[in-house]
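Take a look at the structure below.
The values are calculated or read from the model by the stated rules, or taken from the named source; none is laboratory data. For clarity, every value in this text was computed on a predicted model and none was experimentally measured. Cβ sites come from the backbone with ideal geometry, for glycine too, and all protein chains shown count toward neighbours. Heavy atoms of the whole protein, side chains included, go into the accessibility calculation; ligands, DNA and RNA do not. Shrake-Rupley method; radii C 1.70, N 1.55, O 1.52, S 1.80 Å.
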Amino acid sequence: RFGTVTENVFDDNFWENLNVVINALDNVNARLYVDQRCLYFQKPLLESGTLGPKCNTQVVIPHLTENYGASRDPPEKQAPMCTVHSFPHNIDHCLTWARSEFEGLLEKAPAEVNAFLSSPDEYISAMRNAGDAQARDTLERVLECLETERCKTFEDCVTWARLKFEDYFANRVKQLTYTFPEDVSTSTGAPFWSAPKRFPHPLQFSSSDPSHLHFIMAASILRAETFGIPIPDWSTNPKKLAEVVDKVVVPEFQPKKDAKIVTDDKATSLSSSSVDDAAVIDELISKLKHCRKTLPPDFRMKPIQFEKDDDTNYHMDFIAALANMRARNYSIPEVDKLKAKFIAGRIIPAIATSTALATGLVCLELYKVLDGSHKREDYRNTFANLALPLFSMAEPVPPKVFKHHDMSWTVWDRWVLKGNPTLRELLQWLEDKGLNAYSVSCGSSLLYNSMFPRHKERMDKKVADLAREVAKVEIPPYRRHVDVVVACEDDEGNDIDIPLISVYFR
Amino acid sequence: MDGEQLTEQETALYDRQIRVWGADAQRRLSKAHVLVGGVQGTIAELCKNIVLAGVGSVTLVDGRPVTEEALNANFLIPPDEKDYAGRSIAEVCCDSLKDFNPMVRVTVEKGDLSTRGTDFYEKFDVVIVSRCSLNAKKTINQKCRKLSKRIAFYSVDCRDSCGEIFADLQNHSCTQKKVDETIECHLQYPSFEEAILVPWKALPKRVSKLYFAMRVIEKFEEIEGRNPGETSVADLPTVLKLRNELCEAQSFTESQIPDALLERLLSGRMEFPPVCAIIGGILGQEVIKAISCKGEPLKNFFYFDA
């Protein structure tokens, strides 16, 4: 593994002895780390990556091109919470929601139940202290598991599954469309249900619909698992399961006039606070205490951790069923279990052809690097997509040039100060250049900061000594300098990014 | 695999690539039979790619004995002489390819491809020829077109640091993913013979110089009765003269086919391994697209110059 943790293995000696570094990494963080090392040790870096049929190669040559970290991809956009919770418009939203419900129902709720049962007093006081909407919601879920929706037999689990179906795919939709009817307008007069919002329709449960029944099957089996209830053979028999589920009594649903539904894109929580949260929490707590007395003392639930690769555990079945029923509500095209796994599992697709292409292109650049006498314009960065097909090649970009007074430098440059200077002499040297240094560090240690009065004692100490004593830097016998990072301001108080300074003491 | 569904084994093995092109495409790949004539370095890369992708079968044709020159760019040939002595290139590569994916049937066919009849070609879905003479290219392409079964034909050649790919997919229908929707496209490809008959002046300005240079060299080899690739710098004066004649016949400016380019192609009979990987990767993906009918294929020539 590459990173600061393995710097005892991949030490200065390791890096200094390299001529060129070729990346074949699988994540951006490792790439950024290697980029930093190559920057520090002034080594050429050949970077590449593939994603399905797409591939990308980049050449980094010290002083000639910008470094890898100089340009970053924009961060991946995550769907807003209210989209996922109430207004999905593609299957990804449905799968994200499904994943979240899976975790909530089958992992988090049982875990909370166990936390309460194991140390009830601590749990209760923690909830009282929090006293907010989230604590209220959590307590409600715990009470559901232990009282209102507790399952003792597999038939109970089937009932739970049937009622969950009704809640998710009928009642919530009826409530949503009651609060926001199809023709309602927003405060600005525009139609509320305009694209990309899709107007949902409730599902009518039918035990003869195989996908409805599949939902019941997966949900009951997993629910039974959390309660440690044995799974009977007939659970996977559609006829028998249909018989059992048809016997479940489903109460009528009346939409509430004052339901609170979050519509703000920027909202980060779905729990809506209300004035009487503390009172509700107290009531829930007393119900829970009473509940606990009726349970056997060693009663615990079994939280389930999502495992996507086991085809027999019903995890993916449940998630696919949740997502597809929701998709059906919103008239979004459904996906099969395999496709659901790919999207929910977020695994990187890979094929041999783009890999071979990237490798060949990197080798071509390698010849140029080893040859050593090429100008920036001779190198090529490539982006290709074999599926389209598209091939795009470009010269690497030169590094950004920083200027101050009559000096100019890039991220590759080092400033050199010889003669074993003291801290005072270093700061003076910078002041002569019109730079006011306010902070000096070596490695991850701070050697000096103008804010700390105590640091004034260090002014007449040799920088190299400070590096040894304060930063505890181990200087190999062949090394004649230490590198320090200095933060500077110009006379107007603007921060200036200056190069690393190599302070020679021998 | 002849079943309609992918087996559990296949789904597990091909997991990462099914995420790229889908289970349906993977199914079609497993039923596809590919014929490959001429196993150079580029073709070795190509074969590796389609074997890993999981095609039904790959049949190799290359009766040449293994020489040190072949070792230069063909990574499928083991470097130890006792492993390859006395065997043909196709035989040695066949063994290596089997290791890449035991689920693919890799076999060797002996003899001259251009003399085989249409009943031989009927067995295949894709035919790829490499470093092939002009006449053989035309003949084999025609045999593919004669059958009612649609056979995709590719010709590839890499010399020096350059590569050429030609594709003839006849009548090809495919789906293409554009942003949020999938559209269907229908393409009609000309045969190699038809394609090269287009007058040079009529071609768009952006057509690579390599196209013309390769046609000159192709013609040169035909006139002189040379095996493809059997050229050297010593041939340059004759080739330049041929270029001038062809240009005059086509009312085409000679400077469009630079001397230096022709010289590189003549002396570059050996392949350059990185270019083999690049062309082999691109061609591999094209073959996969043709078999799966997913994604827009190359239309119809591709050139690369490192």
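What is the list of residues in region A:441-484 whose amide nitrogen lies under 18 Å from a point 7 angstrom out from the Cα of A:Asn8, following Cα to Cβ?
Answer for this model: A:444, A:472-476.
What aspartates and glutamates could a cross-link reach from A:Lys308, if we take a straight Cα to Cα line under 12 Å and drop same-chain neighbours fewer than 8 places away?
A:Asp317
Could you look at the protein assembly as shown and say what percent of its accessible area is carbon and sulfur, using a 1.4 Å probe and all protein chains? Walk me through the intermediate numbers first.
On the way: 20190 of 40410 Å².
Result for the protein assembly as shown: 50 percent of the exposed heavy-atom area is carbon or sulfur.
If you keep only loop residues by DSSP, which trypsin sites (Lys or Arg not before Pro) in region A:235-323 have at most 15 other Cβ atoms within 10 Å of their Cβ?
A:Lys247, A:Lys256, A:Lys257, A:Lys260, A:Lys266, A:Arg300
When the Kirkwood radius is taken over all Cα pairs of chain B, what Stokes-Einstein diffusion coefficient follows at 37 °C and 0.692 mPa s, in µm²/s?
Rounded to a whole number, D works out at 162 µm²/s.
Could you name the lysines in cross-link range of B:Lys205, using Cα to Cα under 17 Å and dropping any fewer than eight places away on the same chain?
Within the straight-line limit of under 17 Å, B:Lys205 reaches these lysines: B:Lys299.
Return the average number of partner chain Cβ atoms within 10 angstrom of each residue Cβ along peptide B:18-25.
Per residue, the average neighbour count from other chains is 5.
With axes computed from alpha carbons, what is the tilt in degrees of helix A:91-102 against the longest principal axis of chain A, rounded to the nearest 10 within 0 to 90?
For helix A:91-102, the angle is close to 70 degrees.
Using 1/(1 + (r/R0)^6) with R0 = 30 angstrom and r between the beta carbons of A:Asp497 and B:Lys177, what's the FRET efficiency to the nearest 0.05?
0.10
Only Cα pairs under 8 Å and at least 6 apart count here; give the relative contact order of chain A as a rounded whole percent.
Averaging sequence separation for qualifying contacts and normalising by length gives 19 percent for chain A.
I need the calculated FRET efficiency for the pair B:Arg116 and A:Asp26, taking r as the beta carbon distance and R₀ as 51 Å, to the nearest 0.05.
0.65
Take the Cβ-Cβ distance between B:Glu230 and B:Lys123 as r, set R0 to 41 Å, and report the resulting FRET efficiency rounded to the nearest 0.05.
E between B:Glu230 and B:Lys123, to the nearest 0.05, is 0.85.
Nearest 5 percent is fine: what portion of the DSSP beta bridges confined to the protein assembly as shown is antiparallel? Spell out each step's value before the answer.
Values: 57 of 83 bridges.
That works out to approximately 70 percent antiparallel.
Keeping every protein chain present and rolling a 1.4 Å probe, give me the accessible area per residue for region B:223-299 in Å². List each step's numbers first, then the result.
Details: 3200 Å² over 77 residues.
Normalised by residue count, the accessible surface of region B:223-299 is 42 Å².
What distance in nm lies between label points placed 7 Å from Cα along the C-beta direction at B:Leu71 and A:Val249?
Output for this residue pair reads 8.6 nm.
Check cross-link reach from A:Lys461 to the lysines: straight Cα distance under 26 Å, and skip same-chain residues fewer than eight apart.
Candidates past the 8-residue exclusion: A:Lys418, A:Lys433, A:Lys472.
Counting alpha carbon pairs within less than 8 Å and at least 6 residues apart, what relative contact order, in whole percent, applies to region A:99-243? Intermediate results must be reported in sequence, preceding the final value.
On the way: 104 pairs, mean separation 35.6, N = 145.
Averaging sequence separation for qualifying contacts and normalising by length gives 25 percent for region A:99-243.
List the chymotrypsin sites (Phe, Trp or Tyr not before Pro) in region A:437-506 that DSSP assigns to loop (not H, G, I, E or B) and whose Cβ has at most 11 other Cβ atoms within 10 Å. Which are they? Don't jump to the answer; show the numbers that get you there.
Numbers: sites: A:Tyr438, A:Tyr448, A:Tyr478, A:Tyr504, A:Phe505; in loops: A:Tyr478, A:Phe505.
Here the sparse-neighbourhood loop sites are A:Tyr478.
Once each part is reduced to its C-alpha centroid, what is the distance from region A:420-473 to region B:75-104 in angstrom?
64 Å
Average projected area of the Cα convex hull of region A:90-331, in nm²?
Convex hull of Cα atoms, orientation-averaged projection: 14.7 nm².
Between A:Ser274 and A:His89, what is 0.36 nm times their sequence separation minus the Cα-Cα distance? Round to one decimal in nm.
In short, 63.6 nm is gained.
Counting only the backbone N, which residues of region A:311-343 are under 12 Å from the spot 7 Å out from the Cα of A:Lys240 toward its beta-carbon?
Backbone N within reach: none found.
Report, in whole Å, the centroid distance computed from the Cα atoms of region A:172-205 and region A:53-84.
The two parts, judged by their Cα centres, are 38 Å apart.
With no solvent and one point on each alpha carbon, what is the Debye value of log10 I(q)/I(0) for region B:196-267 at q = 0.15, 0.17, 0.20, 0.28 Å⁻¹?
Log-scaled intensity ratios, in q order: -0.45, -0.58, -0.80, -1.46.
Beyond 23 Å between alpha-carbons counts as too far, so tell me which of B:Lys178/B:Lys289; A:Lys108/A:Lys257; A:Lys337/B:Lys294; A:Lys339/B:Lys48 fall in that bin.
A:Lys108/A:Lys257; A:Lys339/B:Lys48
Please identify the longest segment of chain B free of exposed GluC sites (Glu not before Pro), where exposed means a DSSP state other than H, G, I, E or B and no more than 15 other Cβ atoms within 10 Å.
By the stated rule (loop sites, at most 15 other Cβ atoms within 10 Å), B:5-121.
Roughly how many nanometres apart are two label points built 7 Å out from the Cα toward the Cβ at A:Arg300 and A:Ala130?
2.1 nm
To the nearest hundred square angstrom, how large is the accessible surface buried between A and B, total for both chains, probe 1.4 angstrom?
For chain A against chain B, roughly 2200 Å² becomes buried.
Among rounded, prolate and oblate, which fits region A:404-504 when a ≥ b ≥ c are the square roots of the eigenvalues of its C-alpha gyration tensor, a/c under 1.5 means rounded, and a/b larger than b/c means prolate?
Working: a/c = 1.81, a/b = 1.25, b/c = 1.45.
It is oblate, given that a/c is not under 1.5 and a/b is not larger than b/c.
Roughly how many Å is it from the Cα centre of region B:191-217 to that of region A:378-394, as a whole number?
24 Å
Which residues make up the longest stretch of chain A that has no GluC sites (Glu not before Pro) in a DSSP loop with at most 11 other Cβ atoms within 10 Å?
In short, A:308-473.
Taking all pairs of distinct Cα atoms, average 1/r, flip it, and tell me the Kirkwood hydrodynamic radius of the protein assembly as shown in Å to one decimal place. Show your work: numbers first, answer last.
Details: mean 1/r = 0.0305 Å⁻¹.
Result for the protein assembly as shown stands at 32.8 Å.
What is the mean number of Cβ atoms from other protein chains located within 10 Å of the Cβ atom of each residue in peptide B:282-290, rounded to a whole number?
5
Please give the net charge around A:Glu395, taking every other residue with its beta carbon less than 9 angstrom from that of A:Glu395, where Lys and Arg add +1 and Asp and Glu add -1.
It works out to a net charge of 0.
Can you give the angle from 0 to 90° between the axis of helix A:120-130 and the longest principal axis of chain A, with both taken from C-alpha atoms, to the nearest 10?
Taking Cα atoms only, the helix is inclined about 70 degrees.
How large is log10 of I(q)/I(0) for region A:218-339 at q = 0.09, 0.17, 0.19 Å⁻¹ when the intensity is taken from the Debye formula with one equal scatterer per alpha-carbon?
Taken in order of the listed q values, log10 I(q)/I(0) reads -0.47, -1.35, -1.31.
Give the angle, between 0 and 90 degrees and rounded to the nearest 10, that separates the Cα long axis of helix B:134-146 from the longest principal axis of the Cα atoms of chain B.
40 degrees
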